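Undergrad: Take this structure first; my questions come after.
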Amino acid sequence: MALPPEPIDELLPQAEFGVVAEVIEIKERGKQDYIPTPEKPDMVDIPRDLPYQVLTLQVKERLFGSSGTLGQRFDAYKPAGDYVLRAGVEGPFFLVKDPEHKQPVIIGRYGPDNYTMTVVRAAIKKHGRS
């Protein structure tokens, strides 16, 4: 069974900046690791890491931090994990700058559709992020 998303109160303090953005393009995708054969033919929850991605985000709104201006496009790195993104996905992204990558790194176990904007805005206020 998949793990639930991190509580927003744990994830938000780790982020250097947050934006509401749309995925414009998938520029690079890592190689898919081995996919295990399911024990039963109808088994759908097969544990595995999906490949990393380098993608272009277009900012719709800066939520907090000093990066991300309205309309700006920038590349971001999404580590290998439990999900992949596709062009057209939109929502809140939490990012950190990591010296191992040229691009900011998206943090969080799952994609941007895990927290409603009401929950995100309440957490930003609670943690005094601006």
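The values are calculated or read from the model by the stated rules, or taken from the named source; none is laboratory data. Model, not experiment: these values are computed from the prediction. A quick note on method: Cβ atoms are made from the backbone with ideal geometry, for glycine too, and the neighbour counts reach across all protein chains shown. Note: areas computed on protein heavy atoms with side chains; ligands, DNA, RNA excluded. Shrake-Rupley method; radii C 1.70, N 1.55, O 1.52, S 1.80 Å.
Undergrad: Do we find a residue being at pLDDT 95 or above, open to solvent by 60 Å² or more (accessible area, probe 1.4 Å) and charged (D, E, K, R) anywhere in the range 32-52?
TA: The answer is no, given that none of the residues of the range 32-52 is at pLDDT 95 or above, open to solvent by 60 Å² or more (accessible area, probe 1.4 Å) and charged (D, E, K, R).
Undergrad: Considering the range 91-113 alone, what residues qualify as being open to solvent by 60 Å² or more (accessible area, probe 1.4 Å) and either closer than 19 Å to Glu6 by Cβ or in contact (Cβ under 8 Å) with a residue 12 or more places away in the chain (or both)?
TA: Scanning the range 91-113 gives Lys97, Lys102, Arg109, Asp113.
Undergrad: Which residue, of Gly71, Gly88, is within 16 Å of the chain's Cα centre (by Cα), exposed (fewer than 11 other Cβ atoms within 10 Å of the Cβ) and at pLDDT 95 or above?
TA: One residue alone meets the criteria, Gly88.
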